[in-house]
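To start, the structure under review is shown below, and the notes come after it.
Each reported figure results from applying straightforward, stated rules to the coordinates on display, with no laboratory input. In this text the structure is predicted, and so the values were computed from the model without any measurement. A quick note on method: Cβ atoms are made from the backbone with ideal geometry, for glycine too, and the neighbour counts reach across all protein chains shown.
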Amino acid sequence: MLDRDRYWDCLDQAHQASSGGRIEEALAWFDEALRANPDGAEAHSGRGEIFWDHGRFEEALREFERAIDVDGELLAAHLNRIELLIEEFGDHDEALDSCDALLDLTLDGRTEAEVYYLKAKALFYLDDLDGGLFLLRRAIKVQGEDAVFRAFEGQILFEMGRYEDARYCLDRALALDSGSAHALYHQALVLEHVGDAKAAEPLFAQAANLAPDVYPLPVRIERAEFDAIAEEAVGALPEEIRRYIANCPVIVQDLPERDLVQIENISPQVLGLFLGVPATEPGASPTHGTAVVLHPDRVLLFKRNLEKIAQSEEDLAEQIQITVKHEIGHFLGLDEDELERLGLA
């Protein structure tokens with residue numbers, strides 16, 4: 001039996017409980033709301049938000065889809081579903097289709113901008129940086145200055161190796177929201193890539209303080225110790241492979257140079273890189289002897305990037321070893337699927 005007054009009263013109680021961190025109580029009120037109105041789209045959407053916040057992604061997706069089935073005009077459920085598909089399921093093509101379906105509707109400015117933003121995120125994860133940047137700037141044009149949009153614009157520009165442009169956007173984001181961990185972290189990335197690693201460290205620390213699970217502090221070690229771990233990783237390879245890669249040195253650098261990022265079309269946050277011709281392809285360099293080649297094969301390891309993904313010194317050592325094996329695998333002619341099967345992806 002439908003009891004609308006009871007339904008909305010329960011929703012109010014659920015939102016109060018959720019705001020106060022009383023999650024089980026909030027879920028109980030949403031359940032009560034659905035008993036008063038089994039077709040309550042808002043209750044399903046509210047349950048979805050709680051499930052998402054607590055890592056129950058499959059349940060969250062089902063709740064958002066139930067809300068949409070009941071009320072296709074509940075835009076919050078649509079937007080949450082799309083973002084969940086992008087962030088937690090990696091279903092970027094489905095997210096793009098859903099964004100396009102929403103853009104066929106008549107939307108208010110804020111919602112239209114949010115859809116452009118989500119579509120930009122999906123394209124970003126599909127490595128279409130130009131397309132993502134175009135849509136994000138459309139979102140900013142529709143909505144106006146927005147800290148989240150500007151921070152993401154800065155992130156895209158950083159990934160493109162356009163560090164000065166990225167820094168401008170991130171400055172704008174921080175002017176709008178000085179407590180944006182996302183903007184602080186990416187401003188730190190920009191600073192170290194333009195040669196100001198000292199200024200970057202306090203920003204890394206601020207981001208870690210605001211969002212430790214998302215932006216943990218880098219694990220810094222001395223260069224000599226890092227080099228020793230890399231040498232040990234090479235030394236641990238089977239002797240036959242070590243002989244085979246004798247003319248493919250492993251070189252440690254702090255970060256990839258800007259020209260490398262732009263010419264090779266790689267992320268500035270790449271952990272390692274093989275440069276040269278895989279040994280299995282025509283034109284490969286000699287694997288033995290002392291023959292001089294114009295562009296020698298080499299494996300690059302990027303110290304500061306590896307330090308940022310590690311959770312401890314032990315984890316850093318493991319990540320260095322995995323990256324060495326991964327890039328030498330590329331030298332040996334293995335593709336990403338083969339490396340993944342070997343546990344080196």
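Here are the numbers for this structure:
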read-out: Residue-count net charge about GLY272 - beta-carbon cut-off 12 Å; Lys, Arg +1, Asp, Glu -1; value: +2
read-out: The chain - share of DSSP beta bridges that are antiparallel (%, nearest 5); value: 50 percent
read-out: Degrees separating the helix 75-84 axis from the principal Cα axis of the chain, which is the longest one; value: 20 degrees
read-out: Total formal charge among the other residues, if their Cβ is under 15 angstrom from that of ALA175, Lys/Arg +1 and Asp/Glu -1; value: -2
read-out: Amide H within-cut-off set for VAL252, under 5 Å, with H built and near neighbours excluded; value: LEU301
read-out: ³J(HN,Hα), Karplus 6.51/-1.76/1.60, whole Hz, each residue of the range 320-331, x for Gly, Pro; value: 4, 4, 5, 5, 4, 5, 4, 6, 5, x, 5, 4
read-out: Nearest 10 degrees, 0 to 90: helix 223-235 Cα axis against the chain principal axis; value: 80 degrees
read-out: Sum of -39500 (n - 2.57) over DSSP H runs of 4+, divided by residues of the chain (222 nm, nearest 500); value: -20000 deg cm²/dmol
read-out: Ranked by how many other beta carbons lie within 10 Å on average, peptides 233-240, 303-310 from highest; value: 303-310, 233-240
read-out: Cross-link table LYS141/LYS308; LYS119/LYS303; LYS303/LYS325; LYS198/LYS325; LYS198/LYS308, entries beyond 23 Å C-alpha to C-alpha; value: LYS141/LYS308; LYS119/LYS303; LYS198/LYS325
read-out: Ranked packing of 70-77, 117-124, most packed first, by mean Cβ within 10 Å; value: 117-124, 70-77
read-out: Net +/- balance of residues flanking GLU232 in space, Cβ distance below 13 Å, scoring K and R +1, D and E -1; value: -2
read-out: The range 4-162: equivalent-ellipsoid semi-axes (sqrt of 5 x gyration tensor eigenvalues, Cα, Å); value: 32, 16, 14
read-out: Three-way shape call for the chain based on the alpha-carbon gyration tensor, with the a/c threshold at 1.5; value: prolate
read-out: Helix axis angle, 4-19 relative to the chain longest principal axis, alpha carbon, degrees; value: 40 degrees
